[in-house]
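A.B. asks: Shown below is the structure under consideration.
The values are calculated or read from the model by the stated rules, or taken from the named source; none is laboratory data. Source: prediction; values computed, not measured. Heads up, the Cβs are rebuilt from the backbone with ideal geometry, glycines too, and the neighbour counts pull from every protein chain shown. Quick note on the areas: whole protein, heavy atoms, side chains included, nothing else; ligands and nucleic acids left out. Shrake-Rupley method; radii C 1.70, N 1.55, O 1.52, S 1.80 Å.
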Amino acid sequence: MKKLLFFFLSIGFVAHAQHKNPNPGYWQQHVDYKMDVKMDVEKFQYSGTQELTYTNNSADTLKRVFYHLYFNAFQPGSEMDARLTAISDPDKRMVKSFKGADGQTIKESKITKFKPNEIGYLNVTNLKQDGIALQTKVVGTILEVDLAKPLLPGKSTLLTMNFDGQVPVMVRRAGRNSAEGVALSMTQWYPKMAEFDFEGWHADPYIGREFHGVWGNFDVKITIDKSYTIGGTGYLQNPNEIGHGYQDEGIEVKIPKKQKTLTWHFVAPNVHDFAWGGDPDFIHDRVKGPNDVELHFLYKNNKEIIDNWKALQPKTVQLLEFFNTTIGQYPYKQYSVIQGGDGGMEYAMCTLITGNRSLTSLIGVTAHELAHMWFQHLLATNESKHEWMDEGFTSFISDFAVNSIMEKENQEDENPFQSMYNNYFYMVKKGGEQPLSTHSDRYDDNMNYGISAYSKGAVFITQLSYIIGFDKTMETLKRFYYDYRFSHPTPNDFKRTAERVSGANLDWYLLDWTQTTNTVNYGIKEVSSKDDKTIVTLERIGRTPMPLDVLIAYTDGTFESFYIPNTLMRWNKENPYEGIQRTILKGWDWAYPTFNFEINKNKGEVEAIYIDPSELMADVDKTNNSYKKATE
C-alpha cells in the first residue's frame with residue numbers, strides 16, 4: 001500500500017513539473033491536503049480533520065490567508081439567498097413561485113425558509129499554524145485567517161484544523177437527496193484554500209456561480225455507512241477492502257457483518273479540487289478507455305435509466321479519444337461519471353450529472369463536463385473572472401465532439417455551432433448585454449450570464465476560425481494546452497498563442513469581443529457598373545473590424561472570391577475556398593466607413609455576391625450581406 005501511495009504521489013510531482021508556462025517569472029502556489037472525514041448518513045452531517053501544507057511560491061510575504069466555506073451559502077440571509085431575491089430571473093431550481101394578493105407572480109428563495117437541520121454549513125475549529133492557534137473571522141462563505149507568523153517567499157507552513165459540516169437539503173451542485181434520489185452530492189464540501197496569484201487573493205464569496213483553486217495533492221479518507229458506494233476525485237487506495245465494484249477481479253472482499261462503516265481512501269495528484277458522490281443504490285461499472293484510463297460510471301439502480309447509462313459508456317470512450325486527439329492527452333488514469341447534483345458540473349477527475357435523461361442528452365452533458373477537464377481542471381483559467389474562456393471553449397469543443405461521434409444524417413451539411421450564434425444574436429437584439437470581462441457574479445441577470453459565458457464565449461473560437469482559419473485555430477488550442485496546462489492562463493495568453501501560431505496581430509479582436517459590447521455588422525451598400533466592370537461598395541455598420549471574405553457567383557456557374565484584409569491584423573489568411581480563385585485586395589482601415597472594389601466583369605454577368613459565405617463571422621444583421629441579380 002505504501003508503494004502504491006508513493007507511486008501516485010510521484011505522478012503528482014511529475015504532473016506538477018509539467019507546466020511550461022512561457023511567461024517569464026511565472027509562479028503559482030501549492031497545497032497538499034490530508035483529510036480524514038466521518039459522514040453520518042442519517043443526519044447528513046460530517047466531521048473531520050484537515051492538515052494543509054501551504055507553499056508560498058510568490059515574491060510576497062503572506063500575513064493572512066483565506067479559506068472558502070462554500071456550504072455557508074445555503075443559509076437564510078446569505079449572499080446567495082439575497083441574490084435569489086434581487087435578480088430578475090433567479091434559478092428556477094432555487095426559488096418557489098406563487099401568486100400574490102394582486103395576482104402578480106412572486107418568486108421567493110427556498111433558502112429563506114430553511115430550518116436548522118436543512119441548511120448547509122461548514123464550521124472550522126482549532127485552526128493552528130505549525131501548532132500555534134490562530135485568530136479567525138467568518139464572513140459569509142469566507143474564513144479570514146491572521147497567520148501567527150508571516151509566510152516568507154519560498155517557504156511552507158502547516159495549517160491544521162477540525163471542521164464539521166452539514167449537507168444542505170437544496171441540491172445546487174452540492175446537496176442531499178436529489179430529485180433523482182441520489183443521497184449525497186459532495187462538491188465544494190471542505191474548507192478550501194483560496195487562490196493567491198499575480199493578481200493577489202481571490203477570496204470571492206460564493207453565490208452559486210464559478211470557482212478558482214490552487215493545485216496540489218489530496219490524501220482523503222471518508223468513513224461512511226458500509227451500504228454506500230462512492231466515487232469521485234482521485235484513485236482509490238484500498239479497493240480490496242471496500243468492494244462495491246472497485247476491487248480487483250478474482251479477489252473476494254469480506255466485511256464483518258457487525259462492521260457498520262467502511263473507510264474509503266483516495267489519493268489525487270496535482271488537482272485543484274476534490275469532489276465525490278455517494279448512494280446506497282449505485283450501480284458501478286468500470287470501462288477501460290484510451291491510454292489505459294479507467295472510466296467509472298456510478299448511477300442509480302433504476303431500470304428506466306440503466307440501458308442509457310450502459311450505452312453511454314462506449315461513447316465516453318470515444319469522447320475521451322476525441323479530446324486527447326483534438327486538445328492533448330488526458331494526464332490522469334481515472335475519470336468518473338457520477339449521477340448526482342442538479343444538472344451537470346465538472347470537478348477534478350470526475351463529473352456529477354443528472355441521469356434521468358435521453359441517451360442523446362446523457363451523451364451531450366457528459367461530453368460537456370468531460371471537456372471541462374481540459375479547460376477548467378488542466379488549464380484552469382480563473383473562471384470567476386474569465387468564465388467565457390472555460391464555458392465557451394468547453395461548449396465549442398464538446399459540441400464539435402458530439403457532432404463528430406454521433407451518427408447523423410447530413411451531418412456534414414449542419415453547422416453544429418448555429419445555436420450559439422442564435423443565442424448571441426438574441427442577446428444583442430434584446431439589449432442589456434454586458435462585456436465578457438464582467439465578473440461572473442456581476443451580471444445583471446442569469447440569461448445574459450449564460451449566453452455570454454457559453455454562447456458568446458464559444459463564438460469567440462468559431463469566429464477566430466473565420467479570422468485565421470480553422471486549421472490554425474485548432475492548432476492554437478493544442479498549443480495553448482501544451483504551453484499552459486497546470487498554469488492558470490489568462491485571455492491574453494490565449495491571444496498570444498493564436499498570434500504565435502498564425503502570425504496575425506489579434507489584440508483588436510480580444511479587446512472588441514471580450515471587453516466591449518461592440519458588434520460585427522457589414523453590408524453590401526451598392527453594386528454599380530463602370531464601363532465593362534462592376535463596382536461593389538461595402539459598408540461597415542458595427543464598431544468591430546473584421547477581415548472580409550466576399551464570394552462572387554457568376555451567371556455562367558463559376559465563382560471568384562475576394563479577400564479584404566483587416567489592416568489591424570498585419571497579416572492575410574490562407575484561401576479557405578480551395579479551387580476558387582481568390583484576389584487579395586488592399587486592406588480596409590477601420591476609420592473608413594465604406595470600401596470599394598472592382599470586378600472585371602460587367603454587372604450583368606454577376607449572379608450573386610456574398611459577404612462571408614461560411615457564416616462564421618458573427619454579423620448581427622445578415623439581411624444586407626448578400627446581393628442577387630434582379631430577375632427580368
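A.B. asks: Taking the stretch 474-499 as the search range and keeping residues that are of a type in the set (K, R) and under 12 Å from P22 (Cα atoms), which one is surrounded by the fewest Cβ atoms within 10 Å (Cβ to Cβ)?
C.D. replies: Going residue by residue through the stretch 474-499, those that are of a type in the set (K, R) are 478-479, 485, 495-496.
Of the ones still in play, those that are also under 12 Å from P22 (Cα atoms) are 479, 485, 496.
Values: R479: 16, R485: 22, R496: 19.
Restricting to residues being of a type in the set (K, R) and under 12 Å from P22 (Cα atoms), the top hit is R479.
A.B. asks: Would you pick out the residues in the stretch 485-504 that are free of Cβ contacts under 8 Å to residues at least 60 places away in the same chain and small (G, A, S)?
C.D. replies: Passing the criteria: only A498.
A.B. asks: Enumerate the pairs (first residue in the stretch 26-52 and over 17 Å from G277 (Cα atoms); second residue anywhere and hydrophobic (A, V, I, L, M, F, W, C) and open to solvent by 20 Å² or more (accessible area, probe 1.4 Å)) with beta-carbon separation below 8 Å, excluding pairs fewer than 6 apart on the same chain, so at least 6 apart or on different chains.
C.D. replies: Matching pairs, first to second residue: W27/A59; W27/F198; E51/L158; L52/L158.
A.B. asks: Among the numbered criteria (1) closer than 21 Å to Q334 by Cα; (2) part of a loop (DSSP other than H, G, I, E, B); (3) open to solvent by 30 Å² or more (accessible area, probe 1.4 Å), which one does Y246 miss?
C.D. replies: Among (1) closer than 21 Å to Q334 by Cα; (2) part of a loop (DSSP other than H, G, I, E, B); (3) open to solvent by 30 Å² or more (accessible area, probe 1.4 Å), Y246 violates only (3).
A.B. asks: Let me ask something additional. Is it true that V402 is in a helix (DSSP H, G or I), closer than 21 Å to E210 by Cβ and open to solvent by 10 Å² or more (accessible area, probe 1.4 Å)?
C.D. replies: Against the criterion (in a helix (DSSP H, G or I), closer than 21 Å to E210 by Cβ and open to solvent by 10 Å² or more (accessible area, probe 1.4 Å)), V402 does not qualify.
A.B. asks: Same structure again: Condition check: closer than 24 Å to H68 by Cα, open to solvent by 10 Å² or more (accessible area, probe 1.4 Å) and not basic (K, R). Does G344 satisfy that?
C.D. replies: Here the answer is yes, as G344 does meet what is asked.
A.B. asks: I would also like to ask the following. For a quick check of your reading of the model, give me the residue pairs whose first member lies in the stretch 428-443 and is closer than 9 Å to K385 by Cα, whose second is surrounded by fewer than 13 Cβ atoms within 10 Å (Cβ to Cβ) and modelled with pLDDT under 95, with beta-carbon atoms closer than 6 Å and at least 6 apart or on different chains.
C.D. replies: Filtered contacts from the stretch 428-443: no entries.
A.B. asks: Restricting attention to the stretch 536-553, report how many residues are open to solvent by less than 30 Å² (accessible area, probe 1.4 Å), in contact (Cβ under 8 Å) with a residue 60 or more places away in the chain and either more than 30 Å from N448 (Cβ to Cβ) or not in a strand (DSSP E or B) (or both).
C.D. replies: The qualifying residues number 8.
A.B. asks: Additional query: Which count do you get for residues in the stretch 454-473 that are of a type outside the set (K, R) and open to solvent by 30 Å² or more (accessible area, probe 1.4 Å)?
C.D. replies: Our first condition is that a residue be of a type outside the set (K, R); within the stretch 454-473, this holds for 454-455, 457-471, 473.
The next check asks that each one be open to solvent by 30 Å² or more (accessible area, probe 1.4 Å); those that pass are 454, 470-471.
The number of residues fulfilling the criteria is 3.
A.B. asks: When the stretch 79-109 is examined, which residues are found to be open to solvent by 20 Å² or more (accessible area, probe 1.4 Å), within 21 Å of D445 (Cα to Cα) and outside any helix (DSSP H, G or I)?
C.D. replies: Listed by number, the residues that qualify are S88, D89, D91, K96, S97, F98, Q104, T105, I106, K107, E108.
A.B. asks: Restricting the search to the stretch 295-344, which residues are acidic (D, E) and closer than 22 Å to S185 by Cβ?
C.D. replies: Those that are acidic (D, E) and closer than 22 Å to S185 by Cβ: E304, D342.
A.B. asks: Exactly one of these conditions fails for V520: (1) open to solvent by less than 10 Å² (accessible area, probe 1.4 Å); (2) over 22 Å from K586 (Cα atoms); (3) β-branched (V, I, T); (4) touching a Ser or Thr at 6+ places or on another chain (Cβ under 7 Å). Give me its number.
C.D. replies: Unmet for V520, out of (1) open to solvent by less than 10 Å² (accessible area, probe 1.4 Å); (2) over 22 Å from K586 (Cα atoms); (3) β-branched (V, I, T); (4) touching a Ser or Thr at 6+ places or on another chain (Cβ under 7 Å): (2).
A.B. asks: Looking only at the stretch 354-382, count how many residues are open to solvent by less than 10 Å² (accessible area, probe 1.4 Å), among the β-branched types (V, I, T) and under 24 Å from E180 (Cα atoms).
C.D. replies: Residues meeting the conditions: 2.
Matching residues to (1) of a type in the set (S, T, Y); (2) modelled with pLDDT of 95 or more; (3) out of contact with any helix residue (DSSP H, G or I) (no Cβ under 9 Å at 6 or more places or on another chain):
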position	(1), (2), (3)
Q166	no, yes, no
A174	no, yes, no
N177	no, yes, yes
E180	no, yes, no
W189	no, yes, no
K192	no, yes, no
D197	no, yes, yes
G208	no, no, no
K221	no, yes, yes
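A.B. asks: Can you go through D512, D532, D556, D507 and tell me which one is in contact (Cβ under 8 Å) with a residue 12 or more places away in the chain and either surrounded by 18 or more Cβ atoms within 10 Å (Cβ to Cβ) or touching a Lys or Arg at 6+ places or on another chain (Cβ under 6 Å) (or both)?
C.D. replies: Checking each option against the conditions leaves just D512.
A.B. asks: Let me ask something else. Among the candidates V169, V182, single out the residue that is surrounded by fewer than 21 Cβ atoms within 10 Å (Cβ to Cβ) and either assigned to a loop (DSSP other than H, G, I, E, B) or under 20 Å from the mean Cα position of the chain (by Cα) (or both).
C.D. replies: Selected residue: V169, the only one of V169, V182 that is surrounded by fewer than 21 Cβ atoms within 10 Å (Cβ to Cβ) and either assigned to a loop (DSSP other than H, G, I, E, B) or under 20 Å from the mean Cα position of the chain (by Cα) (or both).
A.B. asks: Can you name the residue in the stretch 132-151 that is closer than 18 Å to W201 by Cα and outside any strand (DSSP E or B) and is also most open to solvent (accessible area, probe 1.4 Å) among such residues?
C.D. replies: Residues of the stretch 132-151 that are closer than 18 Å to W201 by Cα, as a first pass: 136-147, 150-151.
Filter once more, so that each one left must be outside any strand (DSSP E or B): 140-141.
Values: G140: 49, T141: 11 Å².
The residue in question is G140.
A.B. asks: Right, something else. Would you confirm, using the coordinates I've provided, whether V220 is part of a strand (DSSP E or B), among the hydrophobic types (A, V, I, L, M, F, W, C) and buried (at least 17 other Cβ atoms within 10 Å of the Cβ)?
C.D. replies: Details: part of a strand (DSSP E or B): yes; among the hydrophobic types (A, V, I, L, M, F, W, C): yes; buried (at least 17 other Cβ atoms within 10 Å of the Cβ): yes.
Answer is yes for this residue.
A.B. asks: Somewhere in the stretch 313-334, is a residue in contact with a helix residue (DSSP H, G or I) (Cβ under 6 Å, 6 or more places away or on another chain), at positive phi and modelled with pLDDT of 95 or more?
C.D. replies: The answer is yes, given that some residue of the stretch 313-334 is in contact with a helix residue (DSSP H, G or I) (Cβ under 6 Å, 6 or more places away or on another chain), at positive phi and modelled with pLDDT of 95 or more.
A.B. asks: For Y449, indicate whether it is aromatic (F, W, Y) and either without any contact (Cβ under 8 Å) to a residue 12 or more places away in the chain or open to solvent by 40 Å² or more (accessible area, probe 1.4 Å) (or both).
C.D. replies: Against the criterion (aromatic (F, W, Y) and either without any contact (Cβ under 8 Å) to a residue 12 or more places away in the chain or open to solvent by 40 Å² or more (accessible area, probe 1.4 Å) (or both)), Y449 does not qualify.
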